[in-house]
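One structure is given below, encoded as structure tokens.
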Amino acid sequence: MRGLLIGAAIALVSGCDSGPDKMLDLLLGRETNLVVLRQQPVLLSGKLTTLTSQQTMKVIGESTFVCFVLRGDIPLQNNKAMDEAYGAVVHDAKIKVDAFLASGDRISLHEPMMAWNMYGKVIKSNELSACASALCGSGGLPIGSEVRRIEVSSDPSLLVQGIYWESGKSP
């Protein structure tokens, strides 16, 4: 544990790309595969949006998400206030997400649900997102598989501030 703390301190001092989330993952021994797919606004519509990356989108654990960043600067509040903030941005949009694996399989993800992150992945802080997750069990994304592309559509259209892929596993 001491070596892990020293490594985290060195990473902070050296100026490496080590945000608070990365440091917490390092300290807790959590492994993540984070790929920012879009860092700018994207209009999701009935027309398919195809997302690919030069970085590998690998399923490394059972917590795997495709997140659509809705807004930043939304402080964590009680459930009612968070639901209202989420509803004010998403309205009645239904987002459909399909992942295409290197094996050729196509897997549909659950409809996105609200997520909040103090240290944003696209927006600097207090990031409110809609995150689609893989089905658990037999319908999920197999650990170790690689995702080649993601196709997304929304009805009605929805403007998002960015999109990212994240897969993680705890020790």
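Here are some notes:
- Among residues of segment 39-77, those that are assigned to a strand (DSSP E or B), open to solvent by less than 70 Å² (accessible area, probe 1.4 Å) and farther than 18 Å from ASP92 by Cα, counted: 7
- Taken together, the residues in segment 83-99 that are outside any strand (DSSP E or B), under 17 Å from the mean Cα position of the chain (by Cα) and not aliphatic (A, V, I, L, M) amount to 1.
- For GLY120: the one exception among (1) touching a Pro at 6+ places or on another chain (Cβ under 9 Å); (2) closer than 22 Å to THR56 by Cα: (1)
- Any hit, segment 69-88, residues being touching a residue at least 60 places away in the same chain (Cβ under 8 Å) and basic (Lys, Arg): yes
- Against the list (1) over 15 Å from VAL36 (Cβ atoms); (2) modelled with pLDDT of 95 or more; (3) hydrophobic (A, V, I, L, M, F, W, C), the condition MET118 fails is (2).
- Matching strands (runs of 3 or more DSSP E) fully within segment 115-171 where at least 2 residues are in contact (Cβ under 8 Å) with a residue 12 or more places away in the chain and open to solvent by 60 Å² or more (accessible area, probe 1.4 Å): 146-155
The values are calculated or read from the model by the stated rules, or taken from the named source; none is laboratory data. Note that the coordinates shown come from a computational prediction; the quantities given were computed from them, not determined experimentally. Note: ideal-geometry Cβ built from the backbone for every residue, glycine included; neighbour counts use all protein chains shown. The accessibility values were calculated without ligands, DNA or RNA, using every heavy atom of the protein model including side chains. Shrake-Rupley method; radii C 1.70, N 1.55, O 1.52, S 1.80 Å.
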